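The structure under discussion appears below in the form of structure tokens.
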Amino acid sequence: MAATTITVTGMTCEHCVRSVKEEVSEIPGVTSVEVDLGSGRVDIASSEPIPDERLKAAIDEAGYEIAG
């Protein structure tokens with residue numbers, strides 16, 4: 001198991017949260033996604049480490065950006 005935490009910018013509502021969760025959940029190996037709207041924190045559990053470019057692509061697809 002691997003754990004990854006990122007901060008996503010631009011989320012303003014529960015629809016945003018659902019979009020991010022849906023896109024990240026589609027990455028192969030992801031077992032759970034928790035999103036905190038207030039802080040933008042996204043905690044991801046997966047069966048193996050997720051390449052940064054896969055995470056960026058999923059967040060881009062949802063319409064948001066990874067902070068930093």
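Structural remarks
- Only residues that are out of contact with any strand residue (DSSP E or B) (no Cβ under 6 Å at 6 or more places or on another chain) and of a type outside the set (A, V, I, L, M) were counted in region 11-40, giving 14.
- Residue list for region 12-49, filter: open to solvent by 20 Å² or more (accessible area, probe 1.4 Å), of a type in the set (A, V, I, L, M, F, W, C) and not in a strand (DSSP E or B): C13, L37
- In region 1-29, the residues that are small (G, A, S) reach residues that are open to solvent by less than 50 Å² (accessible area, probe 1.4 Å) and in a helix (DSSP H, G or I) with C-beta atoms within less than 9 angstrom, at least six apart or across chains, in these pairs: G10/C16; S19/A62; S25/A58.
- Every residue from region 50-68 that is under 16 Å from E14 (Cα atoms) and either surrounded by fewer than 16 Cβ atoms within 10 Å (Cβ to Cβ) or not hydrophobic (A, V, I, L, M, F, W, C) (or both): G63, Y64
- Applying a threshold of 7 Å to beta carbon distances and a minimum spacing of six or more residues, or different chains, the list of pairs starting in region 56-68 at a residue that is among the acidic types (D, E) and ending at one that is open to solvent by 60 Å² or more (accessible area, probe 1.4 Å) reads E65/T9.
The values are calculated or read from the model by the stated rules, or taken from the named source; none is laboratory data. Computed from a predicted structure; not experimentally measured. Cβ coordinates were reconstructed from backbone atoms using ideal geometry, including for glycine residues, and neighbour counts include every protein chain displayed. Note: areas computed on protein heavy atoms with side chains; ligands, DNA, RNA excluded. Shrake-Rupley method; radii C 1.70, N 1.55, O 1.52, S 1.80 Å.
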